[in-house]
C-alpha cells in the first residue's frame, strides 16, 4: 500500500529520461503502470532507434532524497588502470555535467599494487562535500565497490544516483555492472544471469561461437579482427557516410569454422546491403579468413557488394583463394581504399 518506484530492467542507461522509471501511489496504479511498461519498447540514448523490450521490472521503495551523488569504478584504457570517478552532481544529467562542468568530476587513477586505501576513499568522500559519519560510510562503500570490482572481474561498476536521504542514510539507488568478457571463464555462473530478451537474435547466435558481435543501425556488415581495429573501422565507415550494421570482432586466432559462422551471421541480417572485411593477419591468417568466407557462401550466394582488405600472414594465399572462388569480391590493400570502395559500391547500388 506504500508509494514505490517501478524500474524497467533493460540493458541500457538513460531509462529515467525515456520513461522507464515510474512512481506509483497504490496497487491499482502499480498494476496499470506495469502493464504499460511491459507493452513498450524502451528507446534511450543507448539503445538505438529500435529500443529494447521491457520484460522485467524492479520494484523499490521511494526514498526521501536530500542530495544525489555519482560514484563509479571503470577501466581507463588510456592509462591501463582502473579509475574512481565521483561527483556531487549525480542523477540523470551526469553526462551533461561531465561535458559542461568537468571541474565537478573527481577522478582517482588507481595503482593496481596499492589499490584504494582508506585515505583515498575518505579524500574522495570529503571532496564530495559529505560530513561526519557520511564520510566514513561513503569511504567504506567505495572500498567495498573496489573489492567487488576485482573479485567479479568488472569493467564497470556504477552507482547513479548514490543519495543521502533526509534521515541521513547513504543509499545506492541504482547500480550498473559490466563484466569483462575476457574473464568469463572464471565465472561460469554469469551465464545464468543473461537476459536473452535484451539481445538481438543475431547477438544470441554469435554467443554460440564466442564472437564479439553487437547489432548497430547501419547497412554495412563488418568483420574485423581485434577490438581496436574494429572500432577504427566503424569510425572511418561513418566518416565516409557508410554506416555500419554491426561490430564484429572474430578475435586473434579464429578457426575457419568460426570465421564462416561470423560471415553467415552478417549475411543473415536483412538490413545489410554491403560487407566490408578488414583483417590484419598477425596470429590470424589471411587464408583462414578467405576460406571461412568461401565456406559461408556455399549455401548462401550473396548478391551484395563485398570488399575485403587483408594484410599480414599468408596474404597471397588468401587473395588467391578469393580470386579462385568465383565470388564477386573486391580486394584492396589498405583500410582507406577499402572504405572508399564499399561506400562507392553502395552508392551505385542505391542509385541503380
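Some points to look at:
- Helices in the chain, meaning DSSP H runs of at least 4 residues, each add -39500 (n - 2.57). Divided by all residues, the mean residue ellipticity at 222 nm is -10500 deg cm²/dmol.
- Principal axis dimensions, largest first and in whole angstrom, of the chain by Cα: 75, 52, 40
- Put in order of Cβ neighbour count within 10 Å, fewest first, the listed residues 317, 103 become 103, 317.
- Extension gain for residue 66 to residue 240 (0.36 nm times residue separation, less C-alpha to C-alpha distance): 57.8 nm.
- Sites residue 179 and residue 100 - FRET efficiency at Förster radius 30 Å, r taken between beta-carbons, to 0.05: 0.45
- Pairwise FRET efficiency - residue 311 versus residue 156, Cβ, R0 = 35 Å, nearest 0.05: 0.60
- Principal-axis tilt of helix 286-296 within the chain, Cα atoms, nearest 10 degrees: 90 degrees
- Principal semi-axes of the equivalent ellipsoid, √(5λ) from the alpha carbon gyration tensor of region 153-242, are 33, 20, 13 Å from largest down.
- Rounded to the nearest 0.05, the FRET efficiency derived from the C-beta distance between residue 268 and residue 17 at R0 = 30 Å is 0.35.
- In summary, the convex hull built on the alpha carbon positions of region 1-152 has an orientation-averaged projected area of 11.3 nm².
- Projected label distance in nm at residue 191 and residue 127, using a 7 Å step from Cα toward the beta-carbon: 4.1 nm
- Burial ranking of peptide ranges 168-177, 141-150 (average Cβ count within 10 Å, highest at the top): 141-150, 168-177
- Residue separation of residue 144 and residue 167 scaled by 0.36 nm, minus their Cα-Cα distance, works out to 6.0 nm of gained length.
- Taking N as its residue count, the alpha carbon Rg of region 4-61 over 2.2 N^0.38 Å: 1.06
- Projection of the Cα convex hull of region 65-184, averaged over all directions and equal to a quarter of that hull's surface, yields 7.5 nm².
- Highest to lowest packing among 47-56, 279-288, scored as the average C-beta count within 10 Å: 279-288, 47-56
- For region 199-351, the spread of Cα positions along each principal axis, largest first, Å: 35, 32, 31
- Crossing angle, helix 256-268 versus the chain [Cα axis fit, 0-90 degrees, rounded to tens]: 80 degrees
Laboratory data are not the source of any read-out in this text; all were calculated from the coordinates shown. All figures in this text were calculated on a predicted structure; none of them were measured in a lab. Cβ coordinates were reconstructed from backbone atoms using ideal geometry, including for glycine residues, and neighbour counts include every protein chain displayed.
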